[in-house]
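The values are calculated or read from the model by the stated rules, or taken from the named source; none is laboratory data. This is a predicted model, so every value here is computed, not measured. Virtual Cβ from ideal backbone geometry, glycine too; neighbours counted across all protein chains shown. Each accessible area value is taken on the protein alone, full model and side chains, heavy atoms only, with ligands, DNA and RNA left out. Shrake-Rupley method; radii C 1.70, N 1.55, O 1.52, S 1.80 Å.
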Amino acid sequence: MHNFKSAVTLVLGCLMASTSYAMDDWPTKPVRLVAAAAPGGTTDLLARLLAQRLSDKFGKTFVVENKGGAGGGVAAKFVQQADPDGYTFLVTNDQLSMQSSFGMKLEYDAIKGFKPVATIARGPVVLGVGKDVPVNDLAGLIALAKAKDSRLAFGSCGSGTILHLAGELLNISAGTNITHIPYRGCAPAMVDVLAGQVPMFVTVLGNAAPYVKEGKVKMLAVASTQRLAKFPNVPTTKEAGLPELLAEPWFGVLAPAKTPDSIIAKLTDAVKDFVAEPATVAKFDTLYLTPQAVGPDGLSKIIRSEIEQWSGVVRAAKIEIQ
């Protein structure tokens, strides 16, 4: 009996040692980066840039697999249910937490279903109007919205996005009633602003910046804690009198919940190195993104705080998403 117990102990010890070695030696085979978007968007592009860098760093192939749909929910469900062996990761954005703000029944859990790895970048949200709208600052926009018989409306990239809720937070904060007009994507929303069909926009900087430079739209404020380096004359929402109006979309990497911490730590360091590289910073600058690589604890706090913030907006504005 003693010999049997000793043999079992030896076998278990060998298994634990081999498992530990496998984790230390990670990766030993190709790794999937599941992009929560169709090919061509910002999330997809960031996933591909990261995959190339990680492939070079580790000498193993990192493959991008696109799973768009359900506001990122298809990819989130897939990765949450994947084997937590360190060979499947999720590259996603703030929609992961935004979806959880509506109280809907989801097929994934944004908090319990994942281990955060790191953020990659953040993209500023900006508020503005068409060139013919007779306002030049946020105070003027609010006054126009409160005018008798005002029919002011804002276009966004779609219902349930952080851009939609940022517009609703403007209404709550300023006491206005600006109508939301959702679009299937950011490009068609800006097209109607340019055409004068919709007076106001709430979008990410990259969608508006080219038209601001051409004088086709006016940017009134940025919903961030700091001014924009490329548009230093545009005030923050805090400077414009609405400090609570903050909306800062993020892009980042998460893993299935039971992925070993040693692998998470290794990938976190690699993502941080990627984000800090001069070539990455330069590329992000062309995309109007701010490089940012906070680790697991930081990303976890971002997700939790976003769910708390935006679920409050959803309740206050009585928003329902089917």
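Remarks
- Reachable aspartates and glutamates, given that their alpha-carbon falls under 12 Å from the alpha-carbon of Lys115 and they are not under 8 places away in the same chain: Asp261, Asp297
- Applied to the stretch 61-72, the Karplus parametrisation 6.51 cos²θ - 1.76 cosθ + 1.60 on θ = phi - 60° returns per-residue 3J(HN,Hα) values of 6, 10, 9, 8, 10, 7, 9, x, x, 6, x, x Hz, with x for Gly and Pro.
- Entry for semi-axes √(5λ) of the Cα gyration tensor in Å (calculated from the structure that is shown) out of (i) 27, 22, 20; (ii) 43, 20, 16; (iii) 30, 23, 16: (ii)
- In this simple spin-label model, placing a label point 7 Å from the Cα along the Cα-to-Cβ direction at both Glu244 and Lys112 gives a separation of 3.0 nm.
- Each Cα pair under 8 Å and six or more residues apart adds its sequence gap; the mean of these over the residue count of the chain is a relative contact order of 25 percent.
- Computed from backbone phi with θ = phi - 60° and the Karplus coefficients 6.51, -1.76 and 1.60, the 3J(HN,Hα) list for the stretch 106-116 is 10, 8, 8, 10, 4, 9, 7, x, 9, 10, x Hz; x is used for glycine and proline.
- Label-to-label distance for Asn233 and Arg151 is 3.2 nm, based on points extended 7 Å past Cα in the beta-carbon direction.
- Contour minus Cα-Cα distance for Asp83 and Ala265 (0.36 nm per residue): 63.7 nm
- With every protein chain in place, the stretch 34-89: carbon and sulfur % of accessible area (1.4 Å): 50 percent
- Spin-label model, Gln226/Ala38: points 7 Å from Cα along the beta carbon direction are separated by 3.5 nm.
- Per-residue [θ]222 nm for the chain (sum of -39500 (n - 2.57) over DSSP H runs n ≥ 4, rounded to 500): -13500 deg cm²/dmol
- Span from the the stretch 28-78 Cα centroid across to the the stretch 287-314 one, whole angstrom: 20 Å
- A Förster radius of 51 Å combined with the Cβ-Cβ distance from Ala316 to Lys57 puts the calculated FRET efficiency at roughly 0.65.
- In a fully extended conformation the segment linking Ala282 and Arg304 would gain 4.9 nm over its present Cα-Cα distance, using 0.36 nm per residue.
- Accessible surface, per residue, of the stretch 174-277 when the full set of protein chains is kept, probe 1.4 Å, Å²: 44 Å²
- Accessible surface of the stretch 207-288 [probe 1.4 Å, protein heavy atoms]: carbon and sulfur percent: 54 percent
- Normalised by the number of residues in the stretch 83-210, the average gap of Cα pairs under 8 Å and 6 or more apart makes the relative contact order 30 percent.
- Anisotropy class of the stretch 198-322 from Cα gyration tensor, a/c 1.5 cut: oblate
- Of all accessible heavy-atom area on the stretch 112-186, the percent that carbon and sulfur account for (1.4 Å): 50 percent
- Scanning residues 5 or more positions from Val217 or on other chains, those with amide H under 5 Å from its amide H are Val212, with H placed 1.01 Å from N in the peptide plane.
- Each residue of the stretch 222-229 was assigned a 3J(HN,Hα) from its phi angle through the Karplus expression (A = 6.51, B = -1.76, C = 1.60, θ = phi - 60°), giving 10, 8, 10, 7, 10, 5, 7, 4 Hz with x at Gly and Pro.
- Anchor Lys301: aspartates and glutamates whose Cα lies under 17 Å away (excluding residues fewer than 8 positions away in-chain): Asp94, Asp109, Glu248
- Taking 28 Å as the straight-line reach from the Cα of Lys146, the lysines in range (excluding those fewer than 8 positions away in the same chain) are Lys131, Lys216, Lys218, Lys238, Lys318.
- Farthest towards the positive end of the charge dipole of the chain, among the residues Met190, Trp26, Phe231, is the Cα of Met190, using unit charges on the Cβ of Lys, Arg, Asp and Glu.
- Entries in Lys77/Lys105; Lys29/Lys283; Lys77/Lys266; Lys67/Lys266; Lys57/Lys258 that, when Cα-Cα distance is taken, lie over 19 Å: Lys29/Lys283; Lys77/Lys266; Lys67/Lys266; Lys57/Lys258
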